[in-house]
Structures are given as structure tokens and as C-alpha cells.
Amino acid sequence: MKHAPDGRIVNKRGDLESMTGDIVFSEFKIHNLQVRLYDDTGIVVGEGIIKAHTGTQDLLDGKFVWTDTFAKQGGQWKVVASQITLVLEK
């Protein structure tokens, strides 16, 4: 499951469907990436600037923070939950 930037909760299929088409990332900068491991669970937190559009429609534009949770299953790391939040400017 994933919390999308617009607040929706989406499953894997919905997340992949949202990334189809002619999406162009004009900026994708990651800062302060932190990884913590707890046995077969990994937590990744970070922040960054993301700008993306399709045609003339802006999809993402701003500073975001996120948390991804991974579980080791069958010797492979798999994402089991993801959350992304737009940081509001003051």
C-alpha cells in the first residue's frame, strides 16, 4: 500500500498505473537519505525535490519527504508500504 501525494491510498496496481504514459521528470534530487535495518525489515526515509509533468500538466512540483518500508522475503527485499508527503512552504 502507498499513500500518494494527493492523499489517496493506492495498491501496487494503482501505483504502477499512475506511472504510465508520457511522464517527464525534469528534476529528481534526493537529500538526507537514511536507511535503518531491523532483522528482515528495512526503513528508508528521505527528502528531495521532485518535478514531473505530462504534456502541459504538472504532476509533482516541490519538496517531498517519504518513508518506504521493505521486508526481506525469499532472500529479496520487497516494498510493503510507502508514504510521500509534500512539504508546505512557510
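Test GLN34 against the criterion of being modelled with pLDDT of 95 or more, open to solvent by 80 Å² or more (accessible area, probe 1.4 Å) and out of contact with any strand residue (DSSP E or B) (no Cβ under 8 Å at 6 or more places or on another chain), and give yes or no. Explain how you work it out, then say what you get.
Values: modelled with pLDDT of 95 or more: yes; open to solvent by 80 Å² or more (accessible area, probe 1.4 Å): yes; out of contact with any strand residue (DSSP E or B) (no Cβ under 8 Å at 6 or more places or on another chain): no.
Judged against the criteria, GLN34 is not a match.
Can you name every residue in the range 37-65 that is part of a loop (DSSP other than H, G, I, E, B) and either open to solvent by less than 80 Å² (accessible area, probe 1.4 Å) or closer than 25 Å to ASN11 by Cβ (or both)?
Filtering the range 37-65 for residues part of a loop (DSSP other than H, G, I, E, B) gives 39-40, 55-56.
ASP40, GLY55 - these are the residues of the range 37-65 that are part of a loop (DSSP other than H, G, I, E, B) and either open to solvent by less than 80 Å² (accessible area, probe 1.4 Å) or closer than 25 Å to ASN11 by Cβ (or both).
Looking at this structure, is ASP68 in a strand (DSSP E or B) and modelled with pLDDT under 85? I'd like the intermediate steps shown before the answer.
Values: in a strand (DSSP E or B): yes; modelled with pLDDT under 85: no.
It is false that ASP68 is in a strand (DSSP E or B) and modelled with pLDDT under 85.
Just the residues that are within 27 Å of GLU27 (Cβ to Cβ) and open to solvent by 50 Å² or more (accessible area, probe 1.4 Å), please, taken from the range 66-76.
PHE70
The values are calculated or read from the model by the stated rules, or taken from the named source; none is laboratory data. Here the structure is a predicted model, which is why all the values come from computation and not from measurement. Because the Cβ atoms are built from the backbone with ideal geometry, glycine has one as well, and the counts that use them run over all protein chains shown. Keep in mind that these areas ignore ligands, DNA and RNA; they rest on the heavy atoms of the full protein, side chains included. Shrake-Rupley method; radii C 1.70, N 1.55, O 1.52, S 1.80 Å.
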